[in-house]
Amino acid sequence: MNFRLIIDKEKEEEVVATVHKRTGVIDEIEALVTGENIQRDSLAAYSEDEIRLLNIDEIECITVLDGKTFAVTDNGKQYLLRKRLYEIESGLPAEFIKINKSAIANRKAILKFITTIAGGVDVVFKCGYRDYVSRRCFAEIKRRLGL
């Protein structure tokens with residue numbers, strides 16, 4: 001088997017595989033490359049030096065930064081997700097709560113809420129990541145958490 005990687009920032013990304021027949025491994029590679037979930041309990045995620053499947057349980061927050069969607073894991077590392085926030089949100093389990101228009105939190109990973117001087121509320125996750133909670137979403141969060 002041959003492997004060839006060409007890095008060209010001018011061209012659109014494309015992955016071509018020439019195989020003798022379709023197998024389960026080929027299906028997994030296709031799902032990983034296209035960003036589709038191989039399992040419902042994981043997401044394909046990318047960092048500078050790796051591509052991996054993130055287990056939903058290790059994700060503390062999914063947020064949009066500079067127009068790109070990232071998953072923040074329980075160790076504080078951020079992974080790029082090649083889907084829009086609304087596409088990811090529709091497949092997440094019920095423990096994920098929208099905290100503002102560009103972030104979804106895993107309620108099991110919320111450490112505490114902090115009020116700010118300006119009267120807003122921030123959420124702090126177990127990994128140390130911090131994000132703001134919109135007033136519109138805070139009422140729903142309080143209802144779901146029983147606060």
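The values are calculated or read from the model by the stated rules, or taken from the named source; none is laboratory data. Quick caveat: nothing in here was measured; it's all calculated off a predicted structure. We place every Cβ from the backbone using ideal geometry, glycine too, and count neighbours over all the protein chains shown.
Under 29 Å from Val124 (Cβ atoms) and not in a strand (DSSP E or B): which single residue out of Asn2, Asn75 fits that description?
The conditions single out Asn75.
Out of the residues in segment 118-147 that are aliphatic (A, V, I, L, M) and at pLDDT 90 or above, which is farthest from Leu65 (Cα to Cα)?
Val121
Scan Lys112, Lys83, Lys108, Lys98 and give me the residue that is part of a helix (DSSP H, G or I), in contact (Cβ under 8 Å) with a residue 12 or more places away in the chain and among the charged types (D, E, K, R).
Lys108
Select, from Arg40, Arg52, the only residue that is touching a strand residue (DSSP E or B) at 6+ places or on another chain (Cβ under 8 Å), loosely packed, with under 15 Cβ neighbours inside 10 Å and either at pLDDT below 90 or β-branched (Val, Ile, Thr) (or both).
Arg52
Right, Asp66: exposed (fewer than 15 other Cβ atoms within 10 Å of the Cβ) and either farther than 30 Å from Glu13 by Cα or of a type in the set (S, T, N, Q) (or both) or not?
no
On the given criteria, is Ile88 surrounded by 19 or more Cβ atoms within 10 Å (Cβ to Cβ) and touching a strand residue (DSSP E or B) at 6+ places or on another chain (Cβ under 9 Å)?
When the stated conditions are applied, Ile88 passes them.
Can you find even one residue in segment 30-37 that is modelled with pLDDT of 80 or more, among the hydroxyl-bearing types (Ser, Thr, Tyr) and either part of a helix (DSSP H, G or I) or surrounded by fewer than 16 Cβ atoms within 10 Å (Cβ to Cβ) (or both)?
No, because not a single residue in segment 30-37 is modelled with pLDDT of 80 or more, among the hydroxyl-bearing types (Ser, Thr, Tyr) and either part of a helix (DSSP H, G or I) or surrounded by fewer than 16 Cβ atoms within 10 Å (Cβ to Cβ) (or both).
Regarding segment 120-127, can at least one residue be identified that is touching a residue at least 40 places away in the same chain (Cβ under 8 Å), under 30 Å from Val33 (Cβ atoms), part of a strand (DSSP E or B) and in contact with a strand residue (DSSP E or B) (Cβ under 9 Å, 6 or more places away or on another chain)?
Looking for residues that are touching a residue at least 40 places away in the same chain (Cβ under 8 Å), under 30 Å from Val33 (Cβ atoms), part of a strand (DSSP E or B) and in contact with a strand residue (DSSP E or B) (Cβ under 9 Å, 6 or more places away or on another chain), one finds at least one in segment 120-127, hence yes.
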